[in-house]
1. Counting only DSSP beta bridges with both residues in the chain, what percent are antiparallel, rounded to the nearest 5?
2. So what's the net charge close to residue 305: Lys and Arg +1, Asp and Glu -1, counting the other residues with Cβ under 14 Å from its Cβ?
3. If packing is taken as the average count of other Cβ atoms within 10 Å, what order do 169-175, 188-194 fall into, highest mean first?
4. Structure shown: which of 165/342; 117/307; 181/307; 307/342 lie over 26 Å apart, alpha-carbon to alpha-carbon?
5. Taking 8 Å as the Cα distance limit and 6 or more residues as the minimum spacing, I'd like the relative contact order of the chain as a percentage.
6. Helix 105-121 against the longest principal axis of the chain: what's the angle in degrees, Cα atoms only, rounded to the nearest 10?
7. List the aspartates and glutamates whose Cα lies under 13 Å from the Cα of residue 121, skipping any in the same chain that are fewer than 8 positions away.
8. How large is the charge dipole for the chain, taken about the Cα centre, if only the Cβ atoms of Lys, Arg (+1) and Asp, Glu (-1) carry charge, to the nearest 20 debye?
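What follows is calculated from the coordinates using simple rules that are stated; it is not laboratory data. Predicted, not measured: the structure shown is a model, and the values here were computed from it. Please note: Cβ atoms are built from the backbone with ideal geometry, for glycine as well, and neighbour counts cover all protein chains shown.
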Amino acid sequence: MSKNSLFSRYIRLRRRFGAFWSVLAGFVFICLVFISGIAGYMWVEGWNLLNSFYMVVITLSTVGFMEVLPLSDNGRLLTSLLILGGVGGFAYLIGAFSQLVVEGRLQEFLGRRRMQKTIGKLRDHFIVCGYGRIGAIVAKEISESDNDVVVIESNPEIISQLEAKGIFCVEGDATKDSVLKSAGLDYARSLIAALSEEAANVYVTLTARQLNADLTIVARANDSSHISRLEFAGADRVVLPHTIGGVRMAQSVLRPAVTNFLEIAMQGKIDLQLEELFVTPSSEFIGLDLAESQIRPRFNLIIIAIKKNNGEMVFNPGPNEIIESGDTLLTVGKTSDLSNIKESL
């Protein structure tokens, strides 16, 4: 094996353990000193394994017990080297561990372990891949809607910021299966691929679709020509942030009143919310038309559209529109009223 290959393996290993590399190196050195001491006494003095082991233990622990058997000159030299190596190794190990505690790395590691256990218990949550300008807004909106969100980010500095804010996060490459699974992909409701590189979003979408066929995937694209590629990879919906931003600016000029109203509603400045209500098989509204259901007078809600179970969208439904199991009611109303009707669905 070449020197370059050994050095590259050493670098990868050191990067993998990060701040814990010093502790690991100190522990490995102590183990080597211990094993070398046993082998040395067996070879130099001709002792058996038990006597050699006991001599190494009392020497490295510096308890001051008498020698197991009389030592030769070579044996005394070996003991001296063993004491120097053992004391130096223990001092280095204690210093490395103390540095971890002082710098907060140990607490950070334990905190990440606790967070990972919590993430493993999440169900029906959202996964956001990438915490850039788009991903940060997505994660913020989902969190403010009282939903659990897990962010996958490869930048250690951003991970530290997320941990300080108490946001569930996983450090790593979102294109890797192991990283997606550690974010709870098997039990997630939806995944948002908001990475800056479009090729990475395609790969994340393809991988997530293979791992979870029932997952809802929303992917970011920078060009309309790439929409078909992301949809072919398995995205349920592809969003063009630049296009949406441009349309929003144009609407602010062409229809300022409508735009201002939507902005106020979306920002929560008025008690108004646009919500999707799924009609379960046990709902009391199944088989009734909108007039018979009395949704408007009972709950003070407006049904602006109904998405049928077959995917058909009925806009501005009339009073004779029948509500069926599996329908999704697109509703506008107060937050409290929306909470009340969910009990009947």
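1. Of the beta bridges lying entirely in the chain, close to 45 percent run antiparallel.
2. In short, -3.
3. With the highest mean Cβ count within 10 Å placed first, the list reads 188-194, 169-175.
4. 165/342; 117/307; 181/307
5. Computed value for the chain: 9 percent relative contact order.
6. 40
7. 148, 186
8. Dipole magnitude for the chain comes out near 1100 debye.
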